[in-house]
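For reference, the structure is listed below as C-alpha cells.
The values are calculated or read from the model by the stated rules, or taken from the named source; none is laboratory data. Predicted model only: the values in this text are computed from it and were never measured. Here the Cβ positions follow ideal geometry from the backbone for every residue, glycine too, while neighbour counts run over all protein chains shown.
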Amino acid sequence: MTEAVRIVWIDNHRLTRDCMISAFTTLHPPLLPAPFESVDDYVGRLSPKAVDLVVYYAHQLGTTICDDIAALKQAVDQRPIVLLSDTSEAESLDVIRSVLRSGANGFVSTRTSSLSMALAALLFVQAGGTFAPLELLLSEDAAPQPAKEQTSGERLTARQMNVLAQVRQGKANKTIARDLGMSESAVKVHIRSIMRKMGAANRTQAAFAALDRQHDDDETAGDDSPAGAALPPQSRPLDEQNGGRDV
C-alpha cells in the first residue's frame, strides 16, 4: 500500500486551488492536501510534524516571493517546498535560481509542464530530490542576465515594515499579531526575516538599524522630499514585553 503524502497546498486563487487539488488527488489518491489561501493563512495552523510537503502556487513572482519561501521554510521546519507558477517569469533562470536559493526544493512552470510531470516532480522532491525544468536549464535563450550591482541591504516588504514599526514601539509578539491580524507564529517568522535582512542579532538591533536607515534616507532625500514610510518612535524597551527573547 502506498504511503500517504500530507501536503500543505497554498494558492490564493480558489478555482485553481480546487481544480489542482482535485486533479492531483485523482491521479494519485495517496496525496492528502490541506488547502490555504496564503503563507500567513498557513503559518501556525499545522504542526510541521503533520506536513510532508508544501506546494506553493504563485500567480505572481513579485519581490516578496523569496521572503515567502524563506518564511515557509522556517514555519515547516525545513520540510521540502515546491513552487508552482504560471507566470512568464517562471521561465527565467534568474527567477528559478532565486527561488531555489531562498529555500525551495522544486520549481515547476505550469505553462510548460503536464499534470503527470508536475506530479512526478512533487513526489521526487518529497522523496528528497531537487527539481527544476531541465529544458530551461539547457536552453541558450534562458541565459542568466548580468548580475545587478549589490545593494547595501535587502529591502523589507510592506508587511515586514508594518511588523518592524510595531517592534520599535516595544510591542509584544502577541500584541503585534492582534493589531496586524496575523498569527503570533507569522509575526515571529517576519521578525526573523527582518533580523536576517538587517544583519541584526536581535529585535533591538533591528529597530536601531531601521532608525539608522531612516536617518540616512532623510539625509539623502533632503528637507523638501518625502523620506518614505516613517516608523513611529520607540516608546519602551523592545525586548521587555517578550521576556528578553529575540523574537
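At-a-glance table
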{"read-out": "Selection within segment 62-75 - surrounded by 19 or more Cβ atoms within 10 Å (Cβ to Cβ) and touching a helix residue (DSSP H, G or I) at 6+ places or on another chain (Cβ under 8 Å)", "value": "I65, C66, D67, D68, I69, A70, A71, L72, A75"}
{"read-out": "Selection count where residues are surrounded by 13 or more Cβ atoms within 10 Å (Cβ to Cβ), among the hydrophobic types (A, V, I, L, M, F, W, C) and closer than 14 Å to L84 by Cβ, scope segment 1-30", "value": "8"}
{"read-out": "Per-region count, segment 30-60, residues more than 11 Å from the chain's Cα centre (by Cα) and either part of a loop (DSSP other than H, G, I, E, B) or on the phi > 0 side of the Ramachandran plot (or both)", "value": "10"}
{"read-out": "Exclusive hit being touching a residue at least 24 places away in the same chain (Cβ under 8 Å), in contact with a Gly (Cβ under 7 Å, 6 or more places away or on another chain) and aliphatic (A, V, I, L, M), set I65, I69, I10, I96", "value": "I69"}
{"read-out": "Subset of segment 9-42 (residues that are within 21 Å of A104 (Cβ to Cβ) and either in the same structural domain as S193 (by TED's automatic domain parsing) or among the hydroxyl-bearing types (S, T, Y) (or both))", "value": "T16, S38, Y42"}
